[in-house]
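Below: one structure, written as structure tokens.
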Amino acid sequence: MNTFHEPASTLWDERGLVSIVISFLNAELFLNEAIASVLAQTYDRWELLLVNDGSTDQSATIAERYAKDRPSQIRYLQHADLGRHGISTSRNLGIAHSTGEYIAFLDADDVWFPNKLERQVALLVAEQNAAIVLGSSLSWHSWTGKTRNLMKDEFAPVLEDEESERFVDLPMLSVREVWHTAAPSGILVRRHAAAAVGNFESGFDNLYEDQAFYFKLGLNAKALASSECWYKYRQHPNSVCAIGVRTGAQAVAKVKFLRWAIQYLASSKIERPDLLEALSQELIP
């Protein structure tokens, strides 16, 4: 099992390059707003990789326009066969073409607050032992502008106490789903840490791909959680999670994740009886 160790020869510069990966599939309604939130970042040392996962709407046209307007900072990518391969494979494609010391992800229907990258880079610079930083989120309903949704926005804290930040047990939290809204849009990870565990699991297509990534990363590296909120997690009926809940795919994917996690833990040779017990308990229902 590969364990993350920061290369001794590497100095993580506080102005290090952040590679941002946006994988999109038929996201023409929201993609402009997601990209605009990247352009509005107070931290300007970033590159953006827009990965088309087989879209059939105008998403590709939107992405290509941004890449053409800012070729030194934004790139457009697609799979060789132009088909759909899932969000894990698409994110990995973006990572493979990235060059930054840090990797960030933004779902095409989510929006970052302007200080997202600035604060997260600062936290990773301050905590050299941390491989990933994650924050709280805003469950965003009011984007519709409809009266019935204006008061539905809900803050989802990643820490339940008054601490501003602390190290957390990332594998356990991914199993218990204590902060189920800690989506990839809210994390920043060191490139070497992600690479050490093989980035995202291609076997998970759109559901529980984030938990699988958190699980294996947290077994091999330290995770820093912050009470700060850096992104709006858009709630809408056509999101992958919403569709998964309606169709029952979410429940099926959870069982698949739990079984995979048990096998991964066994193959890692890491002794975590508490984690194995938690996995077994989650499988019972």
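The values are calculated or read from the model by the stated rules, or taken from the named source; none is laboratory data. The shown structure was predicted, so the numbers you read here are calculated from the model rather than taken from an experiment. Glycine also receives a Cβ, built like all others from the backbone with ideal geometry; neighbour counts cover every protein chain displayed.
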Within region 177-190, considering residues that are on the phi < 0 side of the Ramachandran plot and surrounded by fewer than 21 Cβ atoms within 10 Å (Cβ to Cβ), the one modelled with the highest pLDDT | 183
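Each row is one residue, and each column tells you yes or no for (1) of a type outside the set (A, V, I, L, M); (2) in a loop (DSSP other than H, G, I, E, B); (3) in contact (Cβ under 8 Å) with a residue 40 or more places away in the chain; (4) under 14 Å from residue 184 (Cα atoms).
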residue: 107; (1), (2), (3), (4): yes, yes, yes, yes
residue: 117; (1), (2), (3), (4): no, no, yes, yes
residue: 122; (1), (2), (3), (4): no, no, yes, no
residue: 125; (1), (2), (3), (4): no, no, yes, no
residue: 133; (1), (2), (3), (4): no, no, yes, yes
residue: 143; (1), (2), (3), (4): yes, no, yes, no
residue: 158; (1), (2), (3), (4): no, yes, yes, yes
residue: 161; (1), (2), (3), (4): yes, yes, no, no
Can you find even one residue in region 195-210 that is farther than 14 Å from residue 103 by Cβ, in contact (Cβ under 8 Å) with a residue 60 or more places away in the chain and part of a helix (DSSP H, G or I)?
-> yes
Say we look at region 89-102 and pick out the residues that are among the hydrophobic types (A, V, I, L, M, F, W, C) and surrounded by 18 or more Cβ atoms within 10 Å (Cβ to Cβ); which of these is nearest to the chain's Cα centre (by Cα)?
-> 95
Residue list for region 75-105, filter: over 24 Å from residue 125 (Cα atoms) and without any contact (Cβ under 8 Å) to a residue 24 or more places away in the chain = 80, 81
Looking only at region 167-187, decide whether some residue is of a type in the set (Lys, Arg) and not in a strand (DSSP E or B).
-> yes
Residue that is surrounded by the fewest Cβ atoms within 10 Å (Cβ to Cβ), among those in region 62-88 that are in contact with an Asp or Glu (Cβ under 8 Å, 6 or more places away or on another chain) and either part of a helix (DSSP H, G or I) or among the hydrophobic types (A, V, I, L, M, F, W, C) (or both) | 62
